[in-house]
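Since the structure comes first, as C-alpha cells, the remarks are kept for the end.
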Amino acid sequence: MIVSEKISRNFTIFAEKECAGSSRLYECLSYEIAKDDAILELSSHIPQDQPKPNLLFASVQYLLNNSNSLELRTYYPSFVSNAKNPEEAFPHFKAFCLEHWDSLILLFQTKLVQTNEVRRCAYLYPIFTEIFAKHNKPLTLIEIGTSAGLQLGLDQYAYQYNEGNLIGKIDSSVLIESTNKGKALPESIKTPPIISKRVGIDLHTNNVKNTDDVAWLNALIWPEHTDRRKIFNAATNVIQNLEIELIDGNAVELLEDIVKQVNKDSIICVFHTHVANQIPFVQKEQLVKNLQTISTEREIYHIYNNLFDADLHRDYFYKKICDEHIFERPDGHARWFVWG
C-alpha cells in the first residue's frame, strides 16, 4: 500500500471509529481528507509516531485561535455558538491548510498529540482507591505520557457516577461525571487515597503556567467538546497548586532510576492512558521487563490501556509475579466505562 493510500485509510478509520457520534465536524472533514491528494500530501509530513488526524486537526485549530480566517472559524463550535453545517466545511478547511502549509508543517515538527483527558480519572480513581484501601499506605503516582500532569491531581477532583452522590473532593472546582456500565463500584471510592508523591514523564512536558502550552492543549480538544474544555481549564487551575515533578525524557529508560528515589513506605503506581499506541513495540516489552525488575525489590502497580490491546489493565507486580486484572475497554473520552 502506497503512503497516500495508507494515510487515506487512516482518516477513514478515524472518521468511522473515533469521530462518529463524538465530533461531526472532524467526521465530515476526515472523510473528505481521505479523498483529497493535497491534504493527504500535507499529512504525510506528520511524523510516523504521531496519530495523523489528531495532529492535523489540533494544528489547524491552534492556528485558527489566532487567525483572521473568519469563514473557517464559523464551522467550529469552539469559536462560535451557532456553528455552520459541518458537511460544508471542507473547502474552507482545505483553503486554510494550503494558505498555512509551512506553519502547519512546523507545528507537525514541534508539537505532539498530548491530550489531557481529565475525565479518564473517572475510571482511574476507583482503581487507586482500591489500591490505597488494600495496602493502607500512601501512593506514589508515576504517569507515563503525562503532558501537563492533570491526571496526577485525581484526588483533588469531585466525581459523580450515574448521577449519584458526589464523592472525592466534593468541594473541588473540577467535577468529573461518567457512567459506569458494569458492576457496582467498590466501597473504597468513599475514601480518597493519600498521595505522597506525583511524578509525570513525557518526551516534552507541558507547563500549565505557560500560555502557549495551554493554548496547544486546548487545541487538542475537539471543537464540539465544550464540557472537556471546561474540565480542562478548571483542572489547570487546580494543578498549579500541587507539587508535581515533571520530567522530560523517555519514561522506559528513566523509570528504574525514578523508582529508586521513592520512599519505601509508599506504594508505587505507574500508569498511562491512551499513550502506549505511540510507544514502539520493543519499548513496550522493555517497560514490562523493567517493572518486573523493579518488583524484585518493591511492590508496584501498572495501570494502563493501549499497550498490547485496547482493554484497561491493572497489573500488580511483586517478586516478578504478576496479578493481572482486566477491565473492558472504556470510552476513549471516559464518558462511560465498565467496572468489573
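Kirkwood hydrodynamic radius of the stretch 150-300, from the reciprocal of the average inverse Cα-Cα distance over all distinct pairs: 17.7 Å. In this structure the chain gives 46 Å² per residue of accessible area when probed at 1.4 Å with all protein chains present.
What the phi angles of the stretch 62-72 give under the Karplus curve with 6.51, -1.76 and 1.60, with θ = phi - 60°, is a coupling list of 4, 5, 4, 4, 10, 10, 8, 6, 5, 5, 5 Hz, glycine and proline written as x.
Using a probe radius of 1.4 angstrom, the carbon and sulfur fraction of the accessible surface of the chain is 47%. Each principal axis of the Cα cloud of the stretch 240-340 was taken in turn, and the coordinate range along them, longest first, works out to 38, 36, 29 Å. With the cut-off at 25 Å, report for the stretch 65-170 the share of all Cα pairs above it, as a whole percent. Roughly 50 percent, rounded to a whole number.
Beyond 18 Å between alpha-carbons counts as too far, so tell me which of 6/35; 134/190; 17/181; 17/52; 52/111; 134/181 fall in that bin.
17/181; 134/181
Using the Cβ of residue 178 as centre and a radius below 13 Å, the other residues enclosed give a net charge of 0, where K and R count +1 and D and E count -1.
Annotation: average projected area of the chain is 17.0 square nanometres, based on the convex hull of Cα atoms across all directions.
For helix 226-239, what angle does its Cα long axis make with the longest principal axis of the chain, in degrees from 0 to 90 and rounded to 10? Between helix and principal axis, roughly 50 degrees.
Normalised by residue count, the stretch 288-340 yields a Cα convex hull volume of 75 Å³ per residue.
Backbone phi angles across the stretch 247-259, fed through the Karplus curve with coefficients 6.51, -1.76 and 1.60 (θ = phi - 60°), yield HN-Hα couplings of 10, 8, x, 8, 4, 4, 6, 8, 4, 4, 5, 5, 4 Hz in residue order; Gly and Pro are listed as x.
Peptides 207-218, 222-233 ordered by packing proxy, namely the average of other Cβ atoms within 10 Å per residue, highest first: 222-233, 207-218.
Shape annotation for the stretch 112-206: C-alpha extents along the principal axes are 37, 28, 26 Å, from largest to smallest.
Here the contact order of the chain, divided by its residue count and restricted to Cα pairs under 8 Å and six or more residues apart, works out to 17 percent.
Relative contact order for the stretch 43-184: 18 percent, from Cα pairs under 8 Å spaced at least 6 residues apart, divided by residue count. The packing ranking of peptides 51-59, 69-77, 275-283, 321-329, highest mean first, is 51-59, 69-77, 275-283, 321-329, where packing means the average number of other beta carbon atoms within 10 angstrom of each residue. Straight-distance candidates among the aspartates and glutamates for linking to residue 183, with alpha-carbon spacing under 13 Å and chain neighbours fewer than 8 residues away dropped: 328.
Taking the centroid of alpha carbons for each part, the stretch 252-315 and the stretch 71-92 are 41 Å apart. Just round it to a whole percent: the fraction of Cα-Cα distances in the stretch 1-79 exceeding 13 Å. Value for the stretch 1-79 (Cα pairs over 13 Å): 68 percent. Taking Lys and Arg as +1 and Asp and Glu as -1, the other residues whose beta-carbon sits under 15 Å from that of residue 15 total -2.
Based on the Kirkwood radius over alpha-carbon pairs, what value in µm²/s does the Stokes-Einstein equation return for the translational diffusion coefficient of the stretch 63-121 at 4 °C and 1.567 mPa s? Walk me through the numbers on the way to the answer.
On the way: Rh = 13.2 Å.
Reported coefficient: 98 µm²/s.
For the stretch 195-288, what is the number of Lys pairs with C-alpha distance below 23 angstrom, counting only pairs 8 or more positions apart or on separate chains? Provide the component values of the computation, followed by the final result.
Numbers: 197/209; 197/260; 197/264; 209/230; 260/284.
For the stretch 195-288, qualifying lysine pairs total 5.
The values are calculated or read from the model by the stated rules, or taken from the named source; none is laboratory data. Computed from a predicted model, the values in this text were never measured in an experiment. Neighbour counts are summed over all protein chains in view; Cβ atoms, including those assigned to glycine, are modelled from backbone coordinates with ideal geometry. SASA here: full protein model, heavy atoms, side chains in, ligands and nucleic acids out. Shrake-Rupley method; radii C 1.70, N 1.55, O 1.52, S 1.80 Å.
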